[in-house]
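The structure under discussion appears below in the form of structure tokens.
The values are calculated or read from the model by the stated rules, or taken from the named source; none is laboratory data. Being a predicted model, the structure only gives us computed values, none of them experimental. Ideal geometry is used to build each Cβ from the backbone, glycine not excepted, and the neighbour counts take in all protein chains shown.
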Amino acid sequence: MLATIKQAADGYEVRFERDFKHSPESVWAWLTENDKLVQWFSELRVQDLREGGVITFDMQDGTFEELAILEFKEQEVLAFAWDKDQVRFELIPEFDGCRLVLVEKLITITAHTPRDIAGWDVCLDVIQSLMDGSAAINRKASWQTKYEQYVQAFAEITKKQHGNP
């Protein structure tokens, strides 16, 4: 299921929701502990886990981008800058595990947006697969399929924005 994309007052919001049969503490570890983080998003590293802290993004060219942690509540909320946008993870306890909600707040839709959003979608699938001990996901094939779907979804939003039905 694709993320929900909606226009917001200051841009757009892309919302993913996944139900995990694991405790918030377990899922939190996958979002914040570097030994687990590297398994689903190899370019990210937590440097200073606190509000005002830093996550780094390895640009794969010898440089690192610092992403400021904008909101932090232990085992509940982790939000950080994502270039001009913002990524926010929230864990909501449920009877049999927790719900992970990922919202990316976009200032504008660019040609790169479907790539990023497809990437987040696949990352969430990978976390779930790793935690459940399921068969490995073919990340490239999964990303390609989702990318094509998000290209279409964002094209529809752009059409509506310009008054085309």
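Quick notes on this one:
- Meets criteria (of a type in the set (A, V, I, L, M), surrounded by 16 or more Cβ atoms within 10 Å (Cβ to Cβ) and part of a strand (DSSP E or B)) for LEU37: no
- Looking only at the stretch 40-63, residues that are part of a strand (DSSP E or B) and closer than 18 Å to GLY119 by Cβ come to 6 in all.
- Counting residues in the stretch 20-27 that are at pLDDT 95 or above, basic (Lys, Arg), assigned to a strand (DSSP E or B) and over 28 Å from ALA155 (Cα atoms) gives zero.
- Which numbered condition ILE117 misses (of (1) in a strand (DSSP E or B); (2) buried (at least 18 other Cβ atoms within 10 Å of the Cβ)): (1)
- Among the residues making up the stretch 128-148, those that are more than 19 Å from ALA3 (Cα to Cα) and in contact with a helix residue (DSSP H, G or I) (Cβ under 9 Å, 6 or more places away or on another chain) are LEU130, MET131, SER134, ALA135, ALA136.
- Of all residues in the stretch 107-165, those satisfying the criterion of being touching a residue at least 12 places away in the same chain (Cβ under 8 Å) and of a type in the set (Val, Ile, Thr) are ILE107, THR108, ILE109, THR113, ILE117, VAL122, VAL126, ILE127, ILE137, VAL151, ILE157, THR158.
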